[in-house]
1. Taking neighbour counts of Cβ atoms within 10 Å as a proxy for exposure, in what order, fewest first, do HIS69, HIS45 appear?
2. Net charge near ALA26, counting Lys/Arg +1 and Asp/Glu -1 over other residues with Cβ under 15 Å of its Cβ?
3. What does the extension gain come out to for ALA212 and ASP99, with contour length at 0.36 nm per residue minus their alpha carbon separation?
4. Over the chain, calculate the relative contact order: mean separation of alpha carbon pairs under 8 Å at least 6 apart, over the residue count, as a percent.
5. Taking K and R as +1 and D and E as -1, what net charge do the other residues with C-beta under 15 Å from the C-beta of LEU60 add up to?
6. Please figure out what share of the DSSP beta bridges in the chain is antiparallel and state it in percent, rounded to the nearest 5.
7. Under 21 Å Cα to Cα from LYS163, which lysines show up? Leave out anything in the same chain fewer than 8 places away.
8. To one decimal place, what orientation-averaged projected area in nm² is obtained for the convex hull of the Cα set of the chain?
Amino acid sequence: MVKIAPSILAVWDKTGGDTGEVVLAARTALRAGGDWVHVDVMDGHYVPRTTFGTEMVSALQGVGVLDVHLMVERPENVVESYLQAGADRVVFHPSASDDIGGVLQTIADFGAIGGLALDVDEDVRWLEPWVENIDQTLIKQVLVMTVKAGAGGQAFRGDLLEKVNIVRRLVGPNVSVAVDGGVNGQNVRQCVAAGADCVVAGNAIFNAPDMAAAIAGLQAV
């Protein structure tokens, strides 16, 4: 069954940045069937927008598995602080880093699950040096953006599903491949058919009248 990662960015936007409401919504989403909480960290440099930092990850500790997406310049400078705050899974953008291997190793040293996130303009060739020996790679997950990184609520880009398929063929069956961006009940089947075993969804879950039904609908593929 496809894993569902409810994205708290949708709640952050809807509540005007109310941490308490975000934590409550995240807990509710996991109780409704979500697998882990997706936390979009934006620094205002890699992407124009700024969202939350380590304080949000700390506030979410105990809610469930925390899946942190670092949309930041030089993730090597901040990744340890997010791991110390409680991140269980971390992806970052290779084009933003001067030390991809070092970041992956730091994540592994903390016992967390690490990987790379590919924005719409980041080529799958970024993965190639790290998956040559797939059984020993530090990449345990790849997140493929189906919208431009930096804002929630964008329309899903189906033309990027071929990229998902290429990533799946490159990494094989034992590395998780997630799709993030505009995912809903109408396109989730396409994502899974392309090779995704996890989807990130924000508005499709948190703006639904019945959160449990929305999550079940995403899982029913």
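Every number here is computed from the coordinates shown, using simple stated rules; none is lab data. Model, not experiment: these values are computed from the prediction. With ideal geometry, Cβ positions are generated from the backbone for all residues, glycine too; neighbour counts draw on all protein chains shown.
1. HIS45, HIS69
2. -4
3. Stretched fully, the ALA212-ASP99 segment lengthens by 36.7 nm.
4. Reported relative contact order: 21 percent.
5. Numbers: positive: ARG27, ARG31, ARG89; negative: ASP18, GLU21, ASP35, ASP40, GLU55, ASP67, ASP88.
After counting each charged neighbour, the total is -4.
6. 5 percent
7. Partners within reach: LYS3, LYS140, LYS148.
8. Working: hull surface 42.2 nm².
For the chain, the mean projected area of the Cα convex hull comes to 10.5 nm².
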